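Below: the structure, in structure tokens.
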Amino acid sequence: MTSGPDDYLLRPDPSDPRLTERVRGIDQTGAAVETSVTVERALTIFLNAQEIVTAMTIGDYPEYLAVGYLLNQNMLAADDVVTGVDYDEELSVVVVRTERATDYEQKLKKRVQTSGCAQGTVFGDLMEVIETARLPAAELRTSWLYALTNKVNTTPSLYLAAGAIHGCVLAREDKPLVYMEDVGRHNAVDKIAGWMFKHRVPAADKIFYTTGRLTSEMVIKTVRMGIPILVSRSGFTAWGVELARKANLTLIGRARGKRFVALAGEDRIVFDQDLAYVEEESTKHRRKAAVHED
């Protein structure tokens, strides 16, 4: 695993030459410029012998992405035995093999399009996850929240290097553990889900942070992962809030500097931080969502 500041177990590597390209153009004055742009690639995911989906991704951690995608689409169960995850870089294919026989032909026909970037999908029967959710009675101290968002915003990332990308972070208290980025926020979520599955990481004491909107898809995936707290620097959708309330997921959005708004699971929040000692978000690390309300 890649080590980094603040004891990350895994975090973005902006210097990885596979993830960005230098492109020449002109600016608003007509002057020549050269800038970094994020690379995206197609990755096809198979479950045993069945092709499931082709996703657009930046291409790092394809094995985690494949396993996490299948978990969050309810095609893999937490107790499934994965006998192999084979990645062919030349073909851009990942094959996840399980001890259990699988056939999801009918399920694939029920796929519905979501609002996620890069053509995210979610299946109708995932609503059962919300109806049967039993999230743990964790707590979120505001001192953890402010420290965590500051650490995430100041971590070297592909966003700061090239933009056009979403980030997701798995944390415990005020400590970020795993930071994943991708062109779609759902891909970044799935990478973390795959990492948690492989390393058998418990979810009950974790916080999930995302730079993207708090949509129904984000809520469903977080609940399916068993994580009780979801935080974003961006805004909410009405359905995302409704599902979070049904599942008793703590849902916090617009978390920037001293500010945040909680619209579900507020009982988990412990207000232990004096706001006089919290700094506003610096201009250097401010993202698009700090300018636009959502």
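The values are calculated or read from the model by the stated rules, or taken from the named source; none is laboratory data. It should be emphasised that the depicted structure is a prediction, and the values quoted were computed from it without experimental measurement. A quick note on method: Cβ atoms are made from the backbone with ideal geometry, for glycine too, and the neighbour counts reach across all protein chains shown. Ligands, DNA and RNA are excluded from the accessible area calculation, which covers all protein heavy atoms including side chains. Shrake-Rupley method; radii C 1.70, N 1.55, O 1.52, S 1.80 Å.
The table that follows gives values for the structure above.
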read-out	value
The stretch 137-151 residues that are in contact (Cβ under 8 Å) with a residue 24 or more places away in the chain and among the small types (Gly, Ala, Ser), paired with ones that are open to solvent by 30 Å² or more (accessible area, probe 1.4 Å) and in a helix (DSSP H, G or I) (beta carbon under 9 Å, 6 or more apart)	ALA137/ASP267
Residue in the stretch 1-19 that is nearest to the chain's Cα centre (by Cα), counting only those that are open to solvent by less than 30 Å² (accessible area, probe 1.4 Å) and modelled with pLDDT under 90	PRO12
Residue check for ILE227: touching a Ser or Thr at 6+ places or on another chain (Cβ under 9 Å) and modelled with pLDDT of 90 or more	no
Of residues in the stretch 228-258 being free of Cβ contacts under 8 Å to residues at least 60 places away in the same chain and within 13 Å of the chain's Cα centre (by Cα), the one nearest to VAL152 (Cα to Cα)	SER232
All positions within the stretch 207-241 that are surrounded by 24 or more Cβ atoms within 10 Å (Cβ to Cβ) and of a type in the set (Lys, Arg)	LYS221, ARG233
Tally, over the stretch 75-101, of residues that are more than 13 Å from ALA49 (Cα to Cα), among the hydroxyl-bearing types (Ser, Thr, Tyr) and part of a strand (DSSP E or B)	2
Whichever residue in the stretch 24-36 is out of contact with any helix residue (DSSP H, G or I) (no Cβ under 6 Å at 6 or more places or on another chain) and surrounded by 11 or more Cβ atoms within 10 Å (Cβ to Cβ) and, among such residues, is modelled with the lowest pLDDT	THR35
Residue in the stretch 242-262 that is of a type in the set (A, V, I, L, M, F, W, C), surrounded by fewer than 17 Cβ atoms within 10 Å (Cβ to Cβ) and under 20 Å from MET127 (Cβ atoms) present	no
Qualifying positions in the stretch 134-172 - within 17 Å of LEU9 (Cα to Cα), outside any helix (DSSP H, G or I) and either open to solvent by less than 30 Å² (accessible area, probe 1.4 Å) or touching a strand residue (DSSP E or B) at 6+ places or on another chain (Cβ under 6 Å) (or both)	THR155, SER157, GLY167, CYS168, VAL169, LEU170, ALA171
Residue satisfying condition, being at pLDDT below 95 and under 23 Å from ASN72 (Cβ atoms), within set GLU280, GLU293, GLU217	GLU217
